[in-house]
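One structure is given below, encoded as structure tokens.
Quick note: the coordinates plus some simple rules give every number you see, no bench work behind them. As the structure is a computational prediction, the values presented were derived from the model and not from experiment. Glycine gets a Cβ as well: all are built from the backbone with ideal geometry, and neighbour counts include every protein chain shown.
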Amino acid sequence: MPSTQEIIERMHRLQAERNLAFAPLASVMSQREEIEKEIADLRDQLEKRLAELEAPYKTAYSGAVSGGWSVEELATLGAPEPPRRGRPKRGRSTAAKKDTEANSPGPSPSDPGTEIPGQTDTESPKVEQPVSA
């Protein structure tokens, strides 16, 4: 049976081999981290440059439209309409509309208790189809 000292020495050798095996991975991880930081910095710089072109693009686009080009023609040529910035239009939300409709007076034709003139309980409502000419 090996002595305690031999077991500890073996453990240190195994650990040293493992450390050597990890060293290249640690190096590559460090390089990747640096590149990811460069990418983030470049992205920030490019987004800033693009934002600086937003106002001149809107001006040039408006000039093209004023000069006779239609929005559709410009889109066909690869010039998309500039994004509209500003306040969103204030309208009623879908939930508010549904709430209003739910609280509106009077039964709807789909309610089972709704009586349709000229219809018996066993008949279903008839829908007239438009006649095409």
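Data for the structure
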read-out: Translational diffusion coefficient (Stokes-Einstein; Kirkwood radius from C-alpha pairs) of region 1-46 at 37 °C, 0.692 mPa s, in µm²/s; value: 243 µm²/s
read-out: Unit Cα scatterers, Debye sum, region 1-79: log10 I(q)/I(0) for q = 0.16, 0.19, 0.27 Å⁻¹; value: -0.81, -0.90, -1.13
read-out: Computed E for residue 3/residue 31 - FRET, C-beta separation, R0 25 angstrom, nearest 0.05; value: 0.05
